[in-house]
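Trainee: Below: one structure in structure tokens.
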Amino acid sequence: MKNLLLIVFLLISTMAGFSQAKPPTPSSLESPLFRSIEGTYFDLEHDNSMLSANSYFNILDWLQGRVAGLQVYTIRGIRVPYIRNYPATIYVDEIRSDASILNMLPVADMALVKIIKSPQAGIGTGPGGAIVVYTKRGEEEKEE
């Protein structure tokens, strides 16, 4: 009986460990500076469960309620993201931008959105973390 309980306990504990494994992250778009930082990924280009994002005019409206600690406020007509009550730093294709650029960028042109909740000294985020948006890449024409 003790052996059976021991086997059941080991089976349950190993299942819990494997169920918490992170899915692979789409890092083909990221440079080494952003690749090593932990964050929440939303692959809008390849993941079919993210198709609902295309119906939104603003990616911040879609992210609100899907990312814990993210609030979106309207300040002078511009949607501004706050992570844990601090303004989030915004990067579009790893170039620092402001909220007005993110508001004008169509969701259909976005390939990957990464939410970094912790402050990172290497990329210069404030205490509110960062929102990193990667846009879709165009196909290069082949010369004949």
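The values are calculated or read from the model by the stated rules, or taken from the named source; none is laboratory data. Model, not experiment: these values are computed from the prediction. Using ideal geometry, Cβ is built from the backbone for each residue, glycine included, and neighbour counts are taken over all protein chains shown.
Trainee: Could you check, for the range 24-34, whether at least one of its residues is under 15 Å from GLY129 (Cβ atoms) and at pLDDT 90 or above?
Mentor: No, the range 24-34 contains no residue that is under 15 Å from GLY129 (Cβ atoms) and at pLDDT 90 or above.
Trainee: Counting only residues that are surrounded by 13 or more Cβ atoms within 10 Å (Cβ to Cβ), part of a loop (DSSP other than H, G, I, E, B) and not aliphatic (A, V, I, L, M), which one in the range 99-126 is modelled with the highest pLDDT?
Mentor: Across the range 99-126, the extreme among qualifying residues is LYS117.
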